[in-house]
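Visitor: Have a look at this one.
The values are calculated or read from the model by the stated rules, or taken from the named source; none is laboratory data. Everything numeric in this text was worked out from a predicted model, so none of it was measured. Glycine gets a Cβ as well: all are built from the backbone with ideal geometry, and neighbour counts include every protein chain shown. For accessibility, only protein heavy atoms count, side chains too; no ligands or nucleic acids. Shrake-Rupley method; radii C 1.70, N 1.55, O 1.52, S 1.80 Å.
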Amino acid sequence: MRGVVMHAPGDVRVEEREDPAVLAPTDAVIRLAATCVCGSDLWPYRGIERLAAPAPMGHEYVGVVEEVGSAVTAIRPGQFVVGSFFASDNTCEICRAGYQSSCVHREPVGALGSQAERLRVPLADGTLVATPGMPDDDLVPSLLAASDVLGTGWFGAVAAQAGPGKTVAVVGDGAVGLLAVLAAKRLGAERVIAMSRHEPRQKLAVEYGATDIVEERGDAGVARIKEMTGGLGAHSVIEAVGTQESMMQAIRSTRPGGHVGYVGVSHDVALPGEELFFSHVHLHGGPAPVRQYLPELIDLIWRREIDPGKVFDLTLPLDQAAEAYRAMDERRAIKALLTV
């Protein structure tokens, strides 16, 4: 089968890879309907994350089940499914508490590479969720978004305790940040401030429910949030980037007693202990337990109450994956969908 392999920073190729097969009784093999490039894929692409050897790429996926192992009972061949970027059994004590991305048996789907024609999904019963039927073509991008960026933005909003009467600020205007705006609005936030200086992303943020746009960054961004909130800061701040600047901007934009939901993959982030101690800010986040939210998100998408697929502003065939990476790296695209 064809699949994307990253050989070195900036070096993405579509190659012939071995066809996946059921290796364990709990596995499933699916034929991908669509896949995509994630913002986190850009860390190794830019050389910020070390790449020890050529690696298959991709961890977001939707498709049709082709084969299941003998122990799989919750899904069957022919069903259209959505899965999380971490495989989980969904039965261990950690999963039952709602943190499937820290399942005691978790397996990273990214190591298997979903930017391909087919994919082996471990722990299929606990990882995959079937849609009510075969989706219309126009729903596929939104269902694909649920596999990661929608679920991650949703977790960020939940972790930040976005809700009625709250002012929510979102640091980061990539796909996760934009869908965190959508999530905060759906969760009932009274005011949603999107921090963005890119006009197309600002427009989508407003469409998703942002009431205000702040273009300033860093200390200037913090000052603007404080000015807009009577000097106090936002009740809830979602950090969706993963850098030192974005994390400190999030913490400093939050009022005492407020909550930061951090879902940007952190790189070289160090928190000053004394400032954190006196901030009275709650911090919660990490790899999103997307599996927890999939049934609800799929239902909202299926009933066309939300349209997270709009974050895909570039669609290319799998063979043009290298251009998809370039476009996202150069910020010519918010998020690139790859057709299979």
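Visitor: Looking at the square roots a ≥ b ≥ c of the eigenvalues of the Cα gyration tensor of the range 242-340, which shape do they give, rounded for a/c under 1.5, prolate if a/b is larger than b/c, or oblate?
Guide: Oblate is the answer for the range 242-340, as a/c is 1.5 or above yet b/c matches or exceeds a/b.
Visitor: Let me ask another. Taking amide H atoms as placed 1.01 Å from N in the peptide plane, list the residues 5 or more away in sequence, or in a different chain, whose amide H sits under 5 Å from that of residue 283.
Guide: Result for residue 283 returns 260.
Visitor: What base-10 log of the normalised intensity I(q)/I(0) is obtained for the chain from the Debye formula, alpha carbons as equal point scatterers, at q = 0.09, 0.15 Å⁻¹?
Guide: -0.45, -1.23
Visitor: Oh, and also: Over all Cα pairs of the range 231-286, how is the pair count split among 10 Å bins, expressed in % and running from 0 up to the last occupied bin?
Guide: P(r) for the range 231-286, in whole percents per bin: 28, 59, 14.
Visitor: Solvent-accessible area per residue for the range 1-146 at a 1.4 Å probe radius, Å²?
Guide: 41
Visitor: Quickly estimate the mean residue ellipticity at 222 nm for the chain, helices only: each DSSP H run with n ≥ 4 gives -39500 (n - 2.57), and the total goes over all residues, rounded to 500.
Guide: Calculated at 222 nm, the ellipticity per residue is -8000 deg cm²/dmol.
Visitor: May I ask you to derive the FRET efficiency for residue 223 and residue 197 from their Cβ-Cβ distance with R0 = 25 Å, giving the value to the nearest 0.05?
Guide: 0.95
Visitor: Let me ask another. How large is Rg over Rh for the range 1-122, taking Rg from the Cα atoms and Rh as the Kirkwood inverse mean of 1/r across Cα pairs?
Guide: Across the range 1-122, the Cα-based Rg/Rh ratio is 0.98.
Visitor: Can you tell me how much longer the chain between residue 138 and residue 49 gets when fully stretched, taken as 0.36 nm per residue apart minus their C-alpha distance, in nm with one decimal?
Guide: Between residue 138 and residue 49, full extension yields 28.6 nm more.
Visitor: With all pairs of different alpha carbon atoms counted, what Kirkwood hydrodynamic radius in Å does the range 102-160 show?
Guide: Computed over Cα pairs of the range 102-160, the Kirkwood hydrodynamic radius comes out at 13.6 Å.
Visitor: Quick check for the chain: number of Lys pairs with alpha-carbon distance under 25 Å, counting only pairs 8 or more apart or on different chains?
Guide: Lysine pairs meeting the criterion: 11.
Visitor: Could you check how much of the accessible area of the chain is carbon and sulfur, as a whole percent, using a 1.4 Å probe?
Guide: Looking at the chain in its full context, I get 51 percent from C and S.
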